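The values are calculated or read from the model by the stated rules, or taken from the named source; none is laboratory data. Nothing here was measured: the structure is a model prediction, and the numbers come from that model. Ideal geometry is used to build each Cβ from the backbone, glycine not excepted, and the neighbour counts take in all protein chains shown.
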There are 2 protein chains.
Amino acid sequence: MTFEEAKDRFIHTWGTLATQWGINRSMAQLHAVLLISPEPMSTEDVMEQLQISRGNASMNLRDLMDWGLIYKQLKVGERREFFIAEKDIWKVARQVAKERRRREITPVVDVLNELKAIPADTPESQEFHRVMEGLSNVVGFADNTLNAVIEAEENWLMSQFLKVFR
Amino acid sequence: MTFEEAKDRFIHTWGTLATQWGINRSMAQLHAVLLISPEPMSTEDVMEQLQISRGNASMNLRDLMDWGLIYKQLKVGERREFFIAEKDIWKVARQVAKERRRREITPVVDVLNELKAIPADTPESQEFHRVMEGLSNVVGFADNTLNAVIEAEENWLMSQFLKVFR
DNA sequence: TTATAATTTCAAAATATATTGAAAGTTTTG
DNA sequence: CAAAACTTTCAATATATTTTGAAATTATAA
């Protein structure tokens with residue numbers, strides 16, 4: 001496999017994976033392209049590399065900035081904006097964990113807490129209560145895990161984790 | 001909030017959450033309905049409760065069985081098939097972790113290993129190599145975490161985990 | 001200030017995904 | 001075996017999501 005093929009394969013794989021995660025292909029591929037670029041890239045650059053429209057590039061680059069995965073970079077004497085990706089992959093993971101926690105876990109925790117409070121008098125509502133309790137535990141676990149990733153500023157915590165579950 | 005409202009809220013919330021995770025609404029709602037039902041339900045039952053078509057119910061019930069989240073149950077003297085959900089929520093979590101690992105993590109691990117092997121001679125390919133190494137580590141971490149959930153047969157392992165990251 | 005360059009917005013079009021429902025298939029019963 | 005009861009399949013339809021591209025907006029330079 002040549003280097004060019006490898007790049008394409010990575011960009012393509014990243015895009016496919018992302019769609020399974022509710023992230024659109026363009027956004028994932030933009031991220032992939034910027035991740036492996038040693039140089040800042042302009043909007044034109046990424047448009048050309050991925051063969052996507054200006055609007056698409058603009059919107060998804062902005063989303064990537066909202067996620068904290070890429071930054072704008074200005075070049076002196078250049079009017080255009082350039083973009084660079086966050087290259088610390090653990091930081092990327094922390095950002096993603098943080099966003100997903102905020103968007104997906106927190107609302108569910110709130111709903112489950114509300115639903116746990118429903119009186120459990122009939123067989124039906126008792127079953128319901130049991131299920132809500134169980135889900136609370138599992139979601140709490142997911143929440144803890146994401147938090148562990150988010151809070152892990154130093155490597156020792158990560159390596160300790162890896163040790164426990166070797 | 002009445003019990004009926006709580007049920008609806010749960011079914012709706014579960015369906016919404018699922019779409020963010022690449023699981024379709026019907027499948028998630030079918031799962032929710034069966035989870036909180038103390039009794040086995042027939043296809044007709046779930047069709048009526050969720051107001052979905054026969055084909056939709058049939059296909060998604062089958063998918064849920066493939067995921068190991070629900071089971072068929074036969075009633076004596078009944079010709080129809082009934083369905084019950086796996087009620088052990090930790091088992092549900094393990095099943096989901098197992099499926100997602102198989103479908104999402106494993107293929108990425110393979111691709112990354114392949115791409116890590118690309119010679120790193122130019123600045124571009126060196127950057128590429130660095131990124132692949134970093135991603136390998138992060139994906140490896142996700143893989144370990146999912147494995148921990150999958151392998152956790154006993155509660156002590158889970159509680160130990162929770163302790164580490166309190 | 002005006003012209004120019006670059007970026008953002010958003011309605012329309014394209015694409016992808018989910019759902020329906022009727023026909024085909026399967027299993028059970030008499 | 002044939003009829004009835006039930007389940008599955010899949011082409012057509014509906015819905016949701018993504019992408020485009022041109023117009024509007026904003027920022028910079030002359």
(request) Among the numbered conditions (1) more than 24 Å from B:Ala18 (Cβ to Cβ); (2) at pLDDT below 95; (3) not polar (S, T, N, Q), tell me where B:Leu115 comes up short. (result) (2)
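The rows are residues; the columns are (1) among the hydrophobic types (A, V, I, L, M, F, W, C); (2) within 11 Å of DNA strand D (Cβ to nearest atom); (3) more than 26 Å from A:Gln20 (Cβ to Cβ).
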| position | (1), (2), (3) |
| --- | --- |
| B:Thr2 | no, no, yes |
| B:Trp14 | yes, no, no |
| B:Trp21 | yes, no, no |
| B:Gln29 | no, no, no |
| B:Ser37 | no, no, yes |
| B:Gln51 | no, no, yes |
| B:Met59 | yes, yes, no |
| B:Lys72 | no, yes, yes |
(message) Out of the residues in the stretch A:12-30 meeting the condition of being more than 11 Å from chain B (Cβ to nearest Cβ) and part of a helix (DSSP H, G or I), tell me which one is surrounded by the fewest Cβ atoms within 10 Å (Cβ to Cβ).
(response) A:Arg25
(message) Which numbered condition in (1) more than 14 Å from chain A (Cβ to nearest Cβ); (2) part of a helix (DSSP H, G or I); (3) polar (S, T, N, Q) is the only one that B:Gln73 fails?
(response) (2)
(message) A:Lys116 - would you say it is away from DNA strand C (no atom under 16 Å from the Cβ) and within 14 Å of the chain's Cα centre (by Cα)?
(response) no
(request) Return yes when B:Lys87 is of a type outside the set (A, V, I, L, M, F, W, C), in a loop (DSSP other than H, G, I, E, B) and either near DNA strand D (Cβ under 10 Å from one of its atoms) or within 17 Å of the chain's Cα centre (by Cα) (or both) and no when it is not. (result) yes
(message) Could you check the stretch A:1-39 and list, in sequence order, the residues that are within 14 Å of DNA strand C (Cβ to nearest atom) and either of a type in the set (Lys, Arg) or in contact (Cβ under 8 Å) with a residue 60 or more places away in the chain (or both)?
(response) A:Arg25
(request) Would you be able to say whether some residue in the stretch A:40-58 is of a type in the set (A, V, I, L, M, F, W, C), within 14 Å of another protein chain (Cβ to nearest Cβ), assigned to a helix (DSSP H, G or I) and in contact (Cβ under 8 Å) with a residue 40 or more places away in the chain? (result) no
(request) Could you check how many residues of the stretch A:83-99 are in contact with a Leu (Cβ under 7 Å, 6 or more places away or on another chain), surrounded by fewer than 20 Cβ atoms within 10 Å (Cβ to Cβ) and more than 14 Å from chain B (Cβ to nearest Cβ)? (result) 0
(message) Would you confirm, using the coordinates I've provided, whether B:Gln95 is away from DNA strand D (no atom under 14 Å from the Cβ), in contact with a Phe, Trp or Tyr (Cβ under 7 Å, 6 or more places away or on another chain) and polar (S, T, N, Q)?
(response) yes
